[in-house]
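Let me begin by presenting the structure, written as structure tokens, before commenting on it.
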């Protein structure tokens, strides 16, 4: 006896198990009904908006984007769409990835948010045409994209290579949801906050093409600023919705984040002790005696690597790293805890550099505090072996602040002449990082 052939409701032979129906379905009915007539579960392998068919979603996204672009260009022209993209730019307009993100944002705005002279959006006109040219999956995607909104999300945890759990900070009752995006998952850092466009699909969410990560020490201020701006524009401040405000002012708010970040960075640069300080000494005794002192102190470590050699120095010049050990560890008593060397660690902090010339000694540090300490220690260690000649102090932080205020980058100007470009010491990097990521950075003024 032959077993009956499973058939779809349409009469065709059923070739797929359909968890939404609890039976079988033919490929044609599956493709034309999933997500629209059928409430497909997350685990359905044929549902592009489920959690196990993400690659199918990517394919639908690609075809939808091409058809939506074609429809918008037919209605407003490519020049108008490109002009909208330039209005949406966040970052370097010459960067291809930045421009493509702006183009995708412009496509969304042109299709769903920008009304014509009769007050209708292109999406409304397309809908009146029965979504001409779109298949069922693309129509489902359009429905959800139409409900996209801008907000600020916080990353709670990275689930795997493509999933990130987040919360919406502007939601009345924030609840966790899952974002599927491999690029986002690769870059996500727990508790980062992002100003983004968000689209909720049935079983996962997606970020829009543009957005910015909020600096951690400024995120609270940014959120409050957006709330206040929304209240100022709303007829009823108590009912103001930050998301509605962001729909019309997303690019401006991204620019606000950049402006606040720059102001903060300028404050830090003006406050931090980042100075290139150099003291020059003449030898009063034979060089061998000074070299003997350097060799006898654990504070000094001979640097005989080729990259330590500075252009223009005479042959035979010796280069030393001046470390915070031996008697030089005394300076750490007046340093913030983050910058002090842990007694149980193999890492030793740096005080500066020492250069022994045939006829002189040169000491360089990268903070005023270290410079004052180094000069006192030089007097203690070398005494009558050397005599002080002169010193130079360059405020590197102020140079950076002025250059950024003029809108320039490090490569925009001729560099200030220097005989050797030293890498920024680890202690200085730690100091700048600490200053940037704490609201109490002012306590570290003139810190090493």
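The values are calculated or read from the model by the stated rules, or taken from the named source; none is laboratory data. Just so it is clear, the model here is predicted, and its values are computed rather than measured. Here the Cβ is made from the backbone with ideal geometry for all residues, glycine too, and neighbour counts use every protein chain on show.
For the residues 216, 221, the requirement of being in contact with a helix residue (DSSP H, G or I) (Cβ under 8 Å, 6 or more places away or on another chain), on the phi < 0 side of the Ramachandran plot and surrounded by fewer than 16 Cβ atoms within 10 Å (Cβ to Cβ) singles out 221. Would you check if residue 40 is surrounded by 15 or more Cβ atoms within 10 Å (Cβ to Cβ), touching a residue at least 40 places away in the same chain (Cβ under 8 Å) and over 30 Å from residue 247 (Cα atoms)? When the stated conditions are applied, residue 40 passes them. Among the residues of the range 346-363, just one is farther than 12 Å from residue 323 by Cα and either under 34 Å from the mean Cα position of the chain (by Cα) or without any contact (Cβ under 8 Å) to a residue 12 or more places away in the chain (or both), namely 346.
I'm checking my understanding of the structure. Among residues of the range 173-188 that are over 19 Å from the mean Cα position of the chain (by Cα) and part of a loop (DSSP other than H, G, I, E, B), which one is surrounded by the most Cβ atoms within 10 Å (Cβ to Cβ)? Among them, the one singled out is 174. Assess whether residue 242 counts as being touching a strand residue (DSSP E or B) at 6+ places or on another chain (Cβ under 9 Å), touching a residue at least 60 places away in the same chain (Cβ under 8 Å) and surrounded by 14 or more Cβ atoms within 10 Å (Cβ to Cβ). The answer is yes for residue 242. Considering only residues in the range 85-99 that are part of a helix (DSSP H, G or I) and without any contact (Cβ under 8 Å) to a residue 60 or more places away in the chain, the one that is surrounded by the most Cβ atoms within 10 Å (Cβ to Cβ) turns out to be 85.
Can you confirm whether the range 55-71 contains a residue that is at positive phi and buried (at least 20 other Cβ atoms within 10 Å of the Cβ)? No, that holds for no residue.
Counting the residues of the range 196-226 that are assigned to a strand (DSSP E or B) and farther than 18 Å from residue 171 by Cβ gives 4. Taken over the range 189-206, the residue count meeting the criterion of being under 18 Å from the mean Cα position of the chain (by Cα) and over 24 Å from residue 240 (Cβ atoms) is 4.
Restricting 191, 170 to those that are assigned to a loop (DSSP other than H, G, I, E, B) and surrounded by 15 or more Cβ atoms within 10 Å (Cβ to Cβ) reduces the list to 170. When restricted to residues that are assigned to a helix (DSSP H, G or I) and either surrounded by fewer than 19 Cβ atoms within 10 Å (Cβ to Cβ) or at pLDDT below 95 (or both), the range 117-135 contains 4.
Within the range 235-288, the set of residues being under 28 Å from residue 212 (Cβ atoms) and assigned to a loop (DSSP other than H, G, I, E, B) comprises 240, 241, 272, 274. Filtering the range 383-401 for residues that are more than 37 Å from the chain's Cα centre (by Cα), at pLDDT below 95 and farther than 17 Å from residue 320 by Cα leaves a non-empty set.
To keep it simple, each residue is scored yes or no on (1) assigned by TED's automatic domain parsing to the domain that holds residue 53; (2) closer than 30 Å to residue 71 by Cβ.
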{"residue": "118", "(1), (2)": "yes, yes"}
{"residue": "126", "(1), (2)": "yes, yes"}
{"residue": "133", "(1), (2)": "yes, yes"}
{"residue": "156", "(1), (2)": "no, no"}
{"residue": "171", "(1), (2)": "no, no"}
{"residue": "195", "(1), (2)": "no, yes"}
{"residue": "200", "(1), (2)": "no, yes"}
{"residue": "213", "(1), (2)": "no, no"}
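Where residues in the range 154-167 are without any contact (Cβ under 8 Å) to a residue 40 or more places away in the chain and buried (at least 19 other Cβ atoms within 10 Å of the Cβ), which of them is nearest to residue 215 (Cα to Cα)? By that ranking, first place goes to 155. Which residue, of 151, 142, is assigned to a helix (DSSP H, G or I), over 15 Å from residue 80 (Cα atoms) and either touching a residue at least 40 places away in the same chain (Cβ under 8 Å) or out of contact with any helix residue (DSSP H, G or I) (no Cβ under 9 Å at 6 or more places or on another chain) (or both)? Going through 151, 142 in turn, the sole match is 142.
Residue 222 meets the stated requirement of being at pLDDT 90 or above and either under 30 Å from residue 356 (Cα atoms) or assigned by TED's automatic domain parsing to the domain that holds residue 182 (or both).
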